[in-house]
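The values are calculated or read from the model by the stated rules, or taken from the named source; none is laboratory data. Quick caveat, the model's predicted, so the values are computed rather than measured. A quick note on method: Cβ atoms are made from the backbone with ideal geometry, for glycine too, and the neighbour counts reach across all protein chains shown.
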């Protein structure tokens, strides 16, 4: 038993307060301090745990955002539309998750979204340019076919017809693995050397890309009508060797 420090009543040693005057006992004060210290320690532990979990979520989002950025950058530089979708969706998911977690979204997620949108824009531009080039090529093919069909089926091959046949062949079949859509800058100022039902159109020039420039000879043969058999970069055809006296036709003015 101990005495109450205020009223002097005898109270139990383990009592936290005097049952008569409600004065806190030394034991009660000690227990209150221990409980307060325990609660403070628990609060600090929970706060540290929440900070640790928040940091882990931040790291996970940063890693996911980095992957999204890689996908978007790869899509931009390779013009890969599916990769752009992956990068954009991942970037948006990261930003949404960061907003729900009330944390700052990684900067790489913004980069992923920006480059993902840029890839979409470039893809759309590429499709538009492809459609435009296709229409131009189809229009030019139609003009050349009309010119070829209107030409008489003569034994002698005139230079304008040889040029039309050669350009038509390039636009329809392409050259050296390049599609006819990429053929541009066609020039045809060379002469036609004819030997019976075979002919060679010299000095045909064109581009198969923005920088690749080609000069070839067109080798033509006559069946029911004249047609291009091959294009040779070395300028040779099986024409003129057997009949050197064959007269060349003059190029069109």
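For residue 144, the conditions (1) more than 27 Å from residue 181 (Cβ to Cβ); (2) crowded, with 17+ Cβ neighbours inside 10 Å are fulfilled apart from (1). Of all residues in the range 10-20, which are farther than 21 Å from residue 33 by Cα and at pLDDT 70 or above? Scanning the range 10-20 gives a single hit, 10. Cβ contacts < 8 Å: first residue at pLDDT below 90, restricted to the range 203-215; second residue not in a strand (DSSP E or B), any location; separation 6+ or different chain. Result? That search, which allows pairs on different chains as well, returns 208/174; 208/176; 208/182; 208/183; 209/182.
Give me the residue from the range 218-235 that is surrounded by fewer than 17 Cβ atoms within 10 Å (Cβ to Cβ) and in contact with a strand residue (DSSP E or B) (Cβ under 7 Å, 6 or more places away or on another chain) and, out of that set, modelled with the lowest pLDDT.
Our first condition is that a residue be surrounded by fewer than 17 Cβ atoms within 10 Å (Cβ to Cβ); within the range 218-235, this holds for 223-225, 227, 229-230, 232-235.
When the remaining residues are screened for being in contact with a strand residue (DSSP E or B) (Cβ under 7 Å, 6 or more places away or on another chain), the result is 227, 229-230, 232-233, 235.
Details: 227: 93, 229: 94, 230: 93, 232: 93, 233: 91, 235: 87.
It comes out as 235.
Scanning the range 97-130 for residues that are over 18 Å from the mean Cα position of the chain (by Cα) and assigned to a helix (DSSP H, G or I) gives 97, 98, 99, 100, 107. All of 109, 134 fail the test of being crowded, with 16+ Cβ neighbours inside 10 Å and in contact with a helix residue (DSSP H, G or I) (Cβ under 8 Å, 6 or more places away or on another chain), apart from 109.
Going by the conditions given, is residue 167 surrounded by fewer than 17 Cβ atoms within 10 Å (Cβ to Cβ) and either on the phi > 0 side of the Ramachandran plot or over 15 Å from the mean Cα position of the chain (by Cα) (or both)? Step through it out loud before you land on a result.
Numbers: surrounded by fewer than 17 Cβ atoms within 10 Å (Cβ to Cβ): no; either on the phi > 0 side of the Ramachandran plot or over 15 Å from the mean Cα position of the chain (by Cα) (or both): yes.
Against the criterion (surrounded by fewer than 17 Cβ atoms within 10 Å (Cβ to Cβ) and either on the phi > 0 side of the Ramachandran plot or over 15 Å from the mean Cα position of the chain (by Cα) (or both)), residue 167 does not qualify.
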